[in-house]
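The values are calculated or read from the model by the stated rules, or taken from the named source; none is laboratory data. Everything quoted here is computed from the prediction, not taken from an experiment. Cβ sites come from the backbone with ideal geometry, for glycine too, and all protein chains shown count toward neighbours. SASA here: full protein model, heavy atoms, side chains in, ligands and nucleic acids out. Shrake-Rupley method; radii C 1.70, N 1.55, O 1.52, S 1.80 Å.
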Number of protein chains: 2
Amino acid sequence: MNSLDCLFKPRSIALIGASADEKRLGGVVSRNLRAFRGKFYPVNPNYTEIDEVPVYASIRDLPETVDLSVILRPAPEVPELLAAHAGKARCAIIVSAGFAETGCESLQQEVVRLGRELGIRLLGPNCLGVFAPYQRLDTLFLPRERLKRPKKGNVAVVSQSGALLLCLLETLAVSGRGVSLGVNYGNAADIDGADIYDYLAEDLETGVVISYLESMADGRRFVAAAEKLAQRKPLLILKAGKGESGQRAAYSHTGRLAGKYEVFSSIMRQSGIREVRDLDELLDAGHALARQRPSRGNRICIVTNAGGLGVLAADECARHGIEITPLPEAIRQRLHNCFPPFYSVANPIDLTGQVKDDEYLATLNEIQDEYDGFLVIAHTGVVGLTLRLAELLTVFRAASGKPLVAYLAPGGITDQLAKRLEKGEIPVYPSPERAVRGLSSLMNYGQGPCK
Amino acid sequence: MNSLDCLFKPRSIALIGASADEKRLGGVVSRNLRAFRGKFYPVNPNYTEIDEVPVYASIRDLPETVDLSVILRPAPEVPELLAAHAGKARCAIIVSAGFAETGCESLQQEVVRLGRELGIRLLGPNCLGVFAPYQRLDTLFLPRERLKRPKKGNVAVVSQSGALLLCLLETLAVSGRGVSLGVNYGNAADIDGADIYDYLAEDLETGVVISYLESMADGRRFVAAAEKLAQRKPLLILKAGKGESGQRAAYSHTGRLAGKYEVFSSIMRQSGIREVRDLDELLDAGHALARQRPSRGNRICIVTNAGGLGVLAADECARHGIEITPLPEAIRQRLHNCFPPFYSVANPIDLTGQVKDDEYLATLNEIQDEYDGFLVIAHTGVVGLTLRLAELLTVFRAASGKPLVAYLAPGGITDQLAKRLEKGEIPVYPSPERAVRGLSSLMNYGQGPCK
């Protein structure tokens, strides 16, 4: 068993601070954990049962040693509660706030010391813990009415900030995308980002890792773990606390210095780890990498039916160093011969408002060997486009094996078409520029950073 | 009457190519124009009436000289049709494509010459024309099932590209925002961007202008018109065709050279005209400027209940040169005294997950004189936040008269709260970084560009 399997794939869980009252955090988590696949032991001296599940007065009373204990009691009670875990738990999530982040350093140190003494690995304190849909493990203290949960998928979300984990999970859930794991590690008193990266490098359910980060205790160890992970699967990092004011903000958020951003960024670049600029880009790049295999090449072709949208996309490509190389003359000639004279056969290729579904496919077939990736743009309000386009693009993409993403202008049949493209593993983005940024995460792969 | 009132506020309209068949473009536009506030004359030799409205065989047969004629017939027929307009129309929109943009320069020149001879101003060719909700004027040939129309508002949308006009109108409609006017001027053979800017400088219904642009025929005149407009009301320009590939793309789209982008950009900067980076920023900045008065100052305070989101916002401020100055010590002390010790009283101010509605207001009241603008960030999944927050922020914003925008993390009560804030003239953005970009359009105003 991997050392963190007890945290991410436990077979048994205790909840210290279980409650029958769903208005309390303990009640929300009790409810979430009733769906857990393994054995669940609620612990609370004031109950004997909750919804016909027997409740234990102390973790000492459990009939077995649990893999994971979730501690949901006020900070001052935590040391005594943790001491009672001796021989009864392999690891623990300390959800409670009120440790180093509020200046209570000594309380946090005491807890770390105890964990070490007892051989119990700790996540937190001051964290939301783990959402692991394959295990039906959910320690997030927000009810489902307040936070939608994403379905099963291949993206792991690793966040130092709780709010960011919630933002990312809700956004993924609303857009119908899945995760393999969501974790917020808070104060990182024991288990930190590096430990989690080490675990995810081996995790079979995880294909891509997206990670929000403000600071790290041990930079060298963090970089080593990130590098190792990035060699196995795509790792995208959003590092916050960049400018002076951002660093000040990060310091008062976690009580840790964010460190010189330029140094961090240059190390990431040298290690081939992809750093993203903002929250949208973290999601957009993660979306592309969760669906398609990246390409080592860097030359793309834009196929559009709306000239202006192609121009905006071309501008964005220039900002990301993606090459929009001209069409080879022979291909240009062949396309010119089979299309009406007012189609613009260059790169971008503009099939105009007269386009029919099949002409997108004919174009892509003609150019597929010349380019490393494709951006399909469509204004779907025109009469020649139907939902069949999704089928044609899906089949083309799967056969070509090359990156292909789409931007569909709002209106027309866009909503339905987007759903079908997404089903066909083609990511659809909400603006031409974001589509380019999504595609850029699939280009120039293993050749250093994309920007 | 302003020279372009005949185009944007006509009292009478002829439609050359009217049709009863709503599957044809002429049928769609006939239907749209039946809602027009003024007099509508359908023209088509093959009909005598459409839905009980009498149809004229030729524009020559109309009982009056119309302000506006909309020509929806194939390009080769246009010169003859236009010649028949002698004395019968003050201006015309030539919707038809197949002129300079497809290489038919001479056909376009013939039409321009005819227009001049007859004293008829021309919009187009190769354009969608005008959407003017105050006049119920709608020449867009997309049925409402394929393109939603925005309600009445104070934003004018001016686009060289038809697809971009449609994108912008649909996005505004879906998000419940309004426009004063939407216009796509296509090949700009006669009326161009500069003419439209001149008109909008005087237009009482227009408070803000957002404009998509690839190229201009007369750079000097364009800049003069843009400068004059920008002195009256905010003008935001998205110039496409920036890099080498983008310029090539713009050239094949409109048959015009996009010009050296750096030169354009530097002139815009010197003239105090705000250039935006991409489509999202055009919408985001337009949204802020449509709702609130900009400030000449540049110092903002971020009030959040989620540390990480505050840090990301602070990072984005640094990119836009917005100052996040520290709280004055006296204010810091006062806030510290009235809040729990674990609130982080710095800038950003982090009220944590324990926040209650009133504490946002108490904070804003305390800091309002020290800052030029405010970014409110809220994770609304926490129990202390209710819809009352919208009311408190709306009243504060109206009283302070300073810019205030919001980012609400997804989930919780965000959807309802966002709707109420928007009603209260507070723009709500879909990411912390976009909120900062929206706010940045309101800061540092009249002091040169924000970036």
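Worth a mention:
- Accessible carbon and sulfur surface of the protein assembly as shown relative to its total accessible area, %, 1.4 Å: 49 percent
- Taking amide H atoms as placed 1.01 Å from N in the peptide plane, the amide H of residue A:274 lies under 5 Å from those of A:235, A:237, each 5 or more residues away in sequence or on another chain.
- Sequence-distant aspartates and glutamates (8 or more away, or on other chains) whose Cα lies within less than 18 Å of residue A:9: A:64, A:67, A:138, A:192, A:195, A:198, A:202, A:203, A:205
- Theoretical FRET efficiency, 1/(1+(r/R0)^6), r = Cβ-Cβ of residue A:228 and residue B:224, R0 51 Å, to 0.05: 0.30
- Heavy-atom accessible surface of residue B:284, to the nearest 10 Å², is about 10 Å², with a 1.4 Å probe and all protein chains retained.
- For the segment A:301-309, counting C-beta atoms of other chains within 10 Å of every residue's C-beta and taking the mean gives 6.
- Derived scalar couplings ³J(HN,Hα) [segment A:354-366; Karplus, 6.51 cos²θ - 1.76 cosθ + 1.60; whole Hz; x for Gly, Pro]: 7, 4, 10, 2, 4, 6, 4, 5, 4, 5, 4, 4, 5
- Backbone phi angles across segment A:175-180, fed through the Karplus curve with coefficients 6.51, -1.76 and 1.60 (θ = phi - 60°), yield HN-Hα couplings of 8, x, 9, x, 10, 8 Hz in residue order; Gly and Pro are listed as x.
- Under 13 Å from the Cα of residue A:402 - aspartates and glutamates, other chains or at least 8 residues apart: A:369, A:370, A:372, A:425
- Candidate aspartates and glutamates - alpha carbon under 13 Å from residue A:242, same-chain residues fewer than 8 apart omitted: A:214, A:262, A:275, A:278, B:315, B:316
- Relative contact order for segment B:289-387: 41 percent, from Cα pairs under 8 Å spaced at least 6 residues apart, divided by residue count.
- Pseudo-label separations to other copies for residue A:265 - Cα-to-Cβ vector, 7 Å, nm: 1.7
- Across peptide B:132-143, the average count of Cβ atoms from other chains found within 10 Å of a residue's Cβ is 1.
- Leaving ligands and nucleic acids aside, the A/B contact buries around 4500 square angstrom of accessible area in total at a 1.4 Å probe radius.
- For chain A, the relative contact order is 11 percent, taking Cα pairs closer than 8 Å that sit 6 or more residues apart in sequence and dividing their mean separation by the residue count.
- Label points for residue A:354 are taken 7 Å from Cα along Cα→Cβ. From this copy to the others they lie 6.9 nm apart, shortest first.
- When both bridge partners sit in segment A:294-446, DSSP labels roughly 10% of those beta bridges antiparallel.
- Each peptide among B:160-173, B:219-232 gets the average number of other Cβ atoms lying within 10 Å of its residues, and from highest to lowest they stand as B:160-173, B:219-232.
- Rounded Å value of the spacing that divides the Cα centres of segment A:1-68 and segment B:381-444: 39 Å
- Interchain or long-range residues, amide H under 5 Å from residue B:149's placed H: none
- Excluding ligands, DNA and RNA, the accessible surface per residue across the protein assembly as shown is 37 Å² with a 1.4 Å probe.
- Note, ³J(HN,Hα) from phi for segment A:8-25, Karplus 6.51, -1.76, 1.60, rounded to Hz, x at Gly and Pro: 9, 9, x, 9, 8, 9, 10, 10, 8, x, 4, 8, 8, 8, 6, 7, 9, 4
- Ranked packing of B:183-190, A:147-154, most packed first, by mean Cβ within 10 Å: B:183-190, A:147-154
- Copy-to-copy label distances for residue B:365, where each label lies 7 Å from Cα along Cα-to-Cβ, are 7.1 nm in order of increasing length.
- Amide H contacts for residue B:50 (H built 1.01 Å from N in the peptide plane; partners 5 or more residues away or on another chain; cut-off under 5 Å): B:55.
- Leading residue at positive end of dipole, segment A:1-126 (Cβ point charges), from A:25, A:8, A:115: A:8
- The protein assembly as shown: antiparallel DSSP beta bridges as a percent of all, rounded to 5: 15 percent
- Shielding by partners, peptide A:158-166 (average Cβ within 10 angstrom, other chains): 6
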